[in-house]
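The values are calculated or read from the model by the stated rules, or taken from the named source; none is laboratory data. Every value quoted in this text rests on a predicted model; they were computed, and no experiment measured them. Please note: Cβ atoms are built from the backbone with ideal geometry, for glycine as well, and neighbour counts cover all protein chains shown.
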């Protein structure tokens, strides 16, 4: 899977890039190695939160002509990335179930 990472209102350091690639790249076993393209955006929605730093993570995953999208905001950036990965896992499983159901119905008829 190809992963494009962009940031908003922050800089991307090497450990964070590796963490994102490990978490989002870990979805390869669900979708197949070369079938998807993920666009990941991490950062701070704005620089002026009074209650402290709030981080957001958003992933747009192109899969078989379908776009799966997951977003999450959290006080810790790594937790936001993990939550987005978990949400995408659920969406990928639902997508795969739908496609296998359609194939099964097609052959029953």
- Would a scan of region 31-46 turn up a residue that is in contact (Cβ under 8 Å) with a residue 60 or more places away in the chain and out of contact with any strand residue (DSSP E or B) (no Cβ under 7 Å at 6 or more places or on another chain)? no
- Meets criteria (surrounded by 13 or more Cβ atoms within 10 Å (Cβ to Cβ), farther than 18 Å from residue 82 by Cα and within 14 Å of the chain's Cα centre (by Cα)) for residue 25: no
- Out of region 1-19, which residues are under 20 Å from residue 92 (Cα atoms) and assigned to a loop (DSSP other than H, G, I, E, B)? 1
- Note on the structure: Selection from region 1-11 of residues farther than 15 Å from residue 58 by Cα, loosely packed, with under 13 Cβ neighbours inside 10 Å and touching a residue at least 12 places away in the same chain (Cβ under 8 Å) yields 2
- Within region 39-83, of all residues that are at positive phi and not in a strand (DSSP E or B), the one modelled with the lowest pLDDT is 52
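Residue-wise test of (1) in contact with a strand residue (DSSP E or B) (Cβ under 6 Å, 6 or more places away or on another chain); (2) without any contact (Cβ under 8 Å) to a residue 12 or more places away in the chain.
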position	(1), (2)
84	yes, no
88	yes, no
94	no, yes
99	no, no
- Looking across region 59-91 at residues that are surrounded by 18 or more Cβ atoms within 10 Å (Cβ to Cβ) and in contact with a helix residue (DSSP H, G or I) (Cβ under 7 Å, 6 or more places away or on another chain), the single one that is nearest to residue 32 (Cα to Cα) is 63
